[in-house]
Amino acid sequence: MTDLGQPALNKGTKPFSRFEWMIAGRYLRARRKEAFISVIASLTMVGVAIGVATLIVVMSVMNGFRGELLTKILGLNGHFTAYPIEREFTDYKETVASLQNIPGVSFATYFVEGQVLASGRGSSTGATVRGMDEENIKKLKLLYGAASQGGWDSWDTSGGIAIGYRLAQTLGVSLGDQVQIINPDGAMTPFGSTPQIRSYPVTVIFDLGMVEFDSFFMYMPIETAQDYFKLYKDVLKPGQKPLDPMATDAQIDAAYDRVGQASAAEVFIDDPDNTTVMRQRIETDPNTRPLILTDWQQRNETFFSALQVERVVMFTILSMIILVAAFNIISSLIMLVKDKSSDIAVLRTMGATRGSIMRIFSITGTTIGFIGTIAGLLLGLLVASNAEAIRAFVSNTLGVAIFPPEVFFLSSLPSKTDPLEVTVVVGLALGLSFLATLYPAWRAAQYDPVEALRYE
């Protein structure tokens, strides 16, 4: 059967012509009798938008969480921790100087470390004491700039300690108060070891924004720490002969030089991911004493591996929201095709090809997904960039602790948007939206115009 209008229509129905876009746009605008289908399409757009926004926000927060933790951890702990072997670590200053001359090493520090029981005004808790001098603390810009009360001036001769603000709250102390620290490995007596108990004034209170360090770490001058933990050895002065066991303290002090020791050194490198090459350089450096190296990836392997697995799992699970929205596109298009069966038949009798019908409904469904994706993109970027403000507002309004620092280690909700991940999310949403239109569009193209118009 020949249709007189067919040649004229075929001339204007090139792929994705203005005619196809016009029909698709008309189907997106609802009449009163098509309100139900329009509501379904609107809800589908909302579903796509929510899925895209949720994925962007969650991935941004997880990126920020990982980045902030990495910055805090590596801002205080080196990319390598170097422990001495073969002999006491009395040459720690020379070792650090030689480490800093290795290509690729940014700087190195040395420290004394030990575990103690800290007591304040009626409260006690376990703590880690780290002894460092002012020169090395200045290298740790994160710590040096975190002093919220007091300061690091004249630190080496202050005779005091620096503690995190959460530890200060736990002990019930403030600037200038005394903190008693107890070390079980004290002086030896005929009855065994007695605890080492000393008190030190609080001269610095710092706020690093990381619960682990703010709650359990305290710093003291390295010479004070060496004396407290007895990390020193007495070396005979040149020309002196060993004294007999009955020598007095004054005689011992006159004959011996006290040489302090360090617990370990930390090495900070230019590229934190280049640990394999840097390990080989440090171990083979002829000017550096033998050391056992532990890199940051080894120390935190379980933690950061768990974070990576969690990111992949969360991305996969939240992608299901977009997949559900894509199925909604299928259902809404199928209903639209059923409702427009007579229109399809008329278009076919006027000369519209099956490909043209497919493209019309494919454009309709893809447009729903596109609008939803763009709305979700804008919403996701807006929420991700204001994540901490939104968290604080909701927490204050509801009176509920959201993202508690005791659980998540950070005092605020970090967010870092990765353009590559955003591109993947947008591409995934658009791809699923397009694929969801293929079956309904194919079904529309298979309509027989004779059968569709038989009862009209």
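Bear in mind that the values in this text are calculations on the coordinates, not laboratory data. Note that the structure is predicted; figures quoted are calculated from it, not measured. Glycine gets a Cβ as well: all are built from the backbone with ideal geometry, and neighbour counts include every protein chain shown.
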**Complete:** Each label sits 7 Å from Cα toward the beta-carbon; between LEU28 and ASN386 the label points are separated, in nm, by 2.7
**Message:** Filter LYS72/LYS416; LYS138/LYS416; LYS138/LYS230 down to the pairs with a C-alpha to C-alpha distance above 20 Å, please.
**Reply:** LYS138/LYS416; LYS138/LYS230
**Prompt:** Assuming R0 = 56 Å, what is the FRET efficiency of ARG121 and THR423, from their Cβ-Cβ distance, to the nearest 0.05?
**Reply:** 0.55
**Asked** Under the definition of Cα pairs under 8 Å and six or more residues apart, what whole-number percent is the relative contact order of region 61-186?
**Response** 26
**Message:** For region 345-372 and region 328-342, what is the centre-to-centre distance using only Cα atoms, to the nearest Å?
**Reply:** 11
**Request:** Evaluate E = 1/(1 + (r/R0)^6) for ARG87 and THR353, where r is the Cβ-Cβ distance and R0 equals 56 Å; express this FRET efficiency to the nearest 0.05.
**Result:** 0.05
**Message:** I'd like the FRET efficiency for ARG443 and GLN297, computed as 1/(1 + (r/R0)^6) with the beta carbon distance as r and R0 of 45 Å, rounded to 0.05.
**Reply:** 0.25
**Item:** Charge context of LEU74, other residues only, Cβ under 15 angstrom, K/R +1, D/E -1
**Value:** -3
**Item:** Rg/Rh (Cα only; Kirkwood hydrodynamic radius) as it applies to region 101-187
**Value:** 1.01
**Prompt:** Roughly speaking, what is the stretch gain from GLN180 to THR397, that is 0.36 nm per residue apart minus the C-alpha to C-alpha distance, in nm to one decimal?
**Reply:** 74.1 nm
**Within-15-Å neighbourhood charge of ASP295 [Cβ basis; K, R +1; D, E -1]** = -3
**Prompt:** What spacing in nm lies between the two simple spin-label points modelled at VAL259 and SER305, each 7 Å away from Cα in the Cβ direction?
**Reply:** 4.1
**Asked** So how far apart, in nm, are the two label points at SER154 and ASP273 if each is 7 Å from Cα heading toward Cβ?
**Response** 4.7
**Fill in**
Extend 7 Å from the Cα of SER412 along its Cα-to-C-beta direction; within region 143-161, residues with backbone N under 19 Å of that point are 143-149
